[in-house]
1. How far apart, in nm, are two points set 7 Å out from the Cα along the Cα-to-Cβ line at Ala60 and at Ser7?
2. Hey, what D do you get for region 1-118 in µm²/s if you plug the Kirkwood alpha-carbon radius into Stokes-Einstein at 4 °C and 1.567 mPa s?
3. How large is the dipole of the chain about the Cα centre if only Lys and Arg carry +1 and Asp and Glu carry -1, each at its Cβ, rounded to the nearest 20 debye?
4. Residue farthest toward the positive end of the dipole of the chain, with Cβ of Lys/Arg at +1 and Asp/Glu at -1: which of Gly16, Ser120, Phe108?
5. I need the phi-derived Karplus couplings for region 20-31: 6.51 cos²θ - 1.76 cosθ + 1.60, θ = phi - 60°, integer Hz, Gly and Pro marked x.
6. Consider a paramagnetic label point 7 Å from the Cα of Ser120 along Cα→Cβ; state which residues of region 56-86 have an amide N under 12 Å from it.
7. Determine the gain in length on full extension of the stretch Gln113-Thr68; use 0.36 nm per residue of separation and subtract their C-alpha separation, reporting nm with one decimal.
8. Using the Cα centre of the chain as origin and beta-carbon charges of +1 (Lys, Arg) and -1 (Asp, Glu), tell me which of Thr68, Asn83, Gly54 is placed farthest towards the positive end of the dipole.
Amino acid sequence: QVQFVESGGGLVQPGGSLRLSCAASGNVFSIDVMGWYRQAPGKQRELVATITSGGITNYADSVKGRFTIARGDADNTVYLQMNNLKPDDTAVYYCNADIRRRIAGPIFRYWGQGTQVTVSS
């Protein structure tokens, strides 16, 4: 089994900052891509940012220049630094990871439980 621990969500005023963290543990041999997605009420889940094991990043246009994704030293953690937050950033944020559970085994995508981010004055 693979478990995720997400943290860092909360209520913040427009223009404020939050830092989300997500750590994967359990039956993990290696992790390729890790990422953050978000889902606002009544909307589909959408990509926020991804980062490969080699450090290559990808961002949604709506967060470029405001959000930064990074991997932890242990490589099984991913962070999302969110600056200059806007009300439209309000959503449940989910981390995910493409995980290989054994050497030469298949890769599966796993999801965290989500953390609420609310941007409001």
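1. About 2.5 nm, to one decimal.
2. Details: Rh = 14.4 Å.
In µm²/s, the coefficient is 90.
3. With Lys and Arg at +1 and Asp and Glu at -1, about 140 debye.
4. Phe108
5. 8, 10, 8, 10, 9, 8, x, 7, 10, 8, 7, 10
6. none
7. Numbers: separation 45, 0.36 × 45 = 16.20 nm, distance 2.08 nm.
Working it through step by step, the gained length comes to 14.1 nm.
8. In the chain, that residue is Gly54.
The values are calculated or read from the model by the stated rules, or taken from the named source; none is laboratory data. Since the structure is predicted, the reported quantities are computational estimates derived from the model, not experimental observations. Ideal geometry is used to build each Cβ from the backbone, glycine not excepted, and the neighbour counts take in all protein chains shown. Protein only, heavy atoms only, side chains kept; ligands, DNA and RNA dropped before computing areas. Shrake-Rupley method; radii C 1.70, N 1.55, O 1.52, S 1.80 Å.
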